[in-house]
Every structure is written in C-alpha cells, then in structure tokens.
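The values are calculated or read from the model by the stated rules, or taken from the named source; none is laboratory data. Keep in mind that what you see is a predicted model, and the values were worked out from it rather than measured. FYI the Cβ positions are ideal-geometry reconstructions off the backbone, even for glycines, and counts take in every protein chain you see.
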Amino acid sequence: MKNITAKLLTLGVTAVLITGCFTGCKVINNSKINANVKVNGEEVINTEIALGTGSWEVAASNAMTDELKKYFEDAISKLDGYNHTPAALLAKQVVAGTNYCFLCTSTIQANSAAKEMKLAYINVDPSGNATFLKDEVLMLPGVSESGDKVGGWSYAESVEITDDIKKVMEKATETLTGATYEPVAYIGSQVVAGTNHAILCKSTPSVAELNGATTYVLVYVYADLQGNCEITETKDIEIKAG
C-alpha cells in the first residue's frame with residue numbers, strides 16, 4: 001500500500017511540474033521577459049525584451065516596388081478628397097494577411113497647395129485585396145494639424161536624399177556615438193541664419209548586445225552659414241496600425 005501511495009504522489013508531482021512548464025512557456029511566448037544585458041561592459045539589470053509574433057518589422061529596403069505601388073493604389077483609390085503619393089515603405093506586420101506602413105505625400109484635392117507628409121497604413125488580405133486602415137500626419141515644428149505653417153517650416157517638395165543632404169547628415173553625425181542614422185527621406189526645412197533640416201532616418205544601436213534593433217527617428221539638423229552641422233533634436237516615430 002505504501003508503494004502504491006508513493007507512486008501516486010510521484011505521478012502527481014510530475015504532472016504538476018509538466019503543467020507548470022507548459023503554462024510558463026505559454027506566458028513567455030505572449031508577453032515580455034526581463035533579461036540582463038551588457039552595455040559598454042557593464043551589466044544592465046531587467047532589460048525588457050518583447051517576445052511573440054505580430055510585431056512591426058522595419059523594412060530592409062524602403063523602395064516602392066511595382067507590387068507595393070499596386071497595393072497602395074488599390075487601397076487609396078477607395079478614399080475621397082485626398083491625393084496620396086507613396087514615397088517609401090517603412091515597415092510591415094504579419095497579421096491576417098499583411099499590414100504595411102508607408103511614408104507618403106498628401107494633398108487635399110480641393111486645395112492642391114496644402115501638402116503634408118503622412119504615415120499611411122494599409123492591409124493586404126491573403127487574397128491580395130488591399131484596404132486602407134488609417135493615416136497620420138508626420139508633424140513638423142510650427143505646422144498645425146490644419147496645415148497652417150508658423151515659424152517658416154515647410155514640407156519638402158521631394159523626399160529624395162540628395163548628395164547635399166547626405167553631406168549634412170555625415171557632418172552632423174561625425175561625433176555621434178551609441179547609434180547610427182541612415183537617412184531615408186527628406187521631410188522639410190526652415191530657413192533661419194542657416195537652415196534647419198528634418199530628416200527621417202533609420203536608427204540602429206551601435207551596441208551589439210542590444211541586438212541591433214532598428215527603429216525610425218525624425219532627426220533635426222541645423223546647418224549654419226559656414227557649413228557646420230549639428231543635431232539639435234531627435235523624435236522617435238512610433239509605427240502602429242491600431
């Protein structure tokens with residue numbers, strides 16, 4: 001009788017351990033865990049690491065392929081009142097199909113001079129049908145949501161990263177540490193005693209232990225009349241369809 005009781009207790013403990021293991025794995029796969037990483041040789045405690053699927057993935061290439069243009073045009077054609085022109089693919093998210101985030105230029109059909117830069121989100125379902133989800137204005141300092149401009153800031157006529165803008169970024173980041181900035185699109189400018197530039201960039205941490213997680217930032221660079229350039233401000237760009 002003792003042997004039977006002992007075996008039953010052993011089976012019970014084993015079952016509890018197995019159940020606990022499966023439960024723990026389920027929680028980890030759908031939440032966040034804390035881990036210790038090293039930054040510049042020093043350990044940082046309780047760094048939060050996101051796990052699971054469905055997160056936004058920064059596009060390796062920002063180029064607008066023919067396929068992406070078609071998806072964008074199909075989705076935007078269902079809107080009235082706006083002209084949206086895609087400029088760059090920023091990110092994608094695997095869901096029921098795929099969500100895409102694009103940088104685009106936007107004008108109101110009734111007032112073609114009211115130009116804005118926007119983040120536009122679309123969903124392409126498994127059958128290839130494209131649906132517009134939402135858009136949001138990429139705001140510049142002194143530009144209101146109604147498009148009124150204060151302080152001389154204006155959106156760029158072209159998002160192209162020209163050789164001149166590349167030189168501005170190179171000079172501004174000569175002494176930058178901790179991250180690298182890759183210019184993606186030219187957003188706007190302000191003429192002062194020199195020029196303020198707003199440039200959308202990919203930002204990648206230089207510290208290998210942080211796994212090189214790339215994000216988007218709006219980098220503000222001041223270029224004076226002597227050609228000196230410095231970063232005056234950076235603004236994180238949050239990509240989310242919800």
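What to note about this one:
- From 186, 121, 216, 181, residue being touching a Phe, Trp or Tyr at 6+ places or on another chain (Cβ under 8 Å), among the hydroxyl-bearing types (Ser, Thr, Tyr), under 23 Å from residue 86 (Cα atoms) and at pLDDT 95 or above: 121
- Test result for residue 105, surrounded by 15 or more Cβ atoms within 10 Å (Cβ to Cβ) and among the polar types (S, T, N, Q): yes
- Residue among 242, 188 that is in a loop (DSSP other than H, G, I, E, B) and either outside the structural domain of residue 91 (by TED's automatic domain parsing) or among the aromatic types (Phe, Trp, Tyr) (or both): 242
- Residues within region 185-214 that are closer than 20 Å to residue 160 by Cα and under 20 Å from the mean Cα position of the chain (by Cα), tallied: 11
- Lone qualifier among 238, 230, 160 - being closer than 14 Å to residue 103 by Cα and at pLDDT 95 or above: 160
- Selection status of residue 106, at pLDDT below 95 and out of contact with any strand residue (DSSP E or B) (no Cβ under 9 Å at 6 or more places or on another chain): no
- Subset of region 218-237 (residues that are touching a helix residue (DSSP H, G or I) at 6+ places or on another chain (Cβ under 7 Å), over 15 Å from residue 153 (Cα atoms) and surrounded by 16 or more Cβ atoms within 10 Å (Cβ to Cβ)): 229, 231
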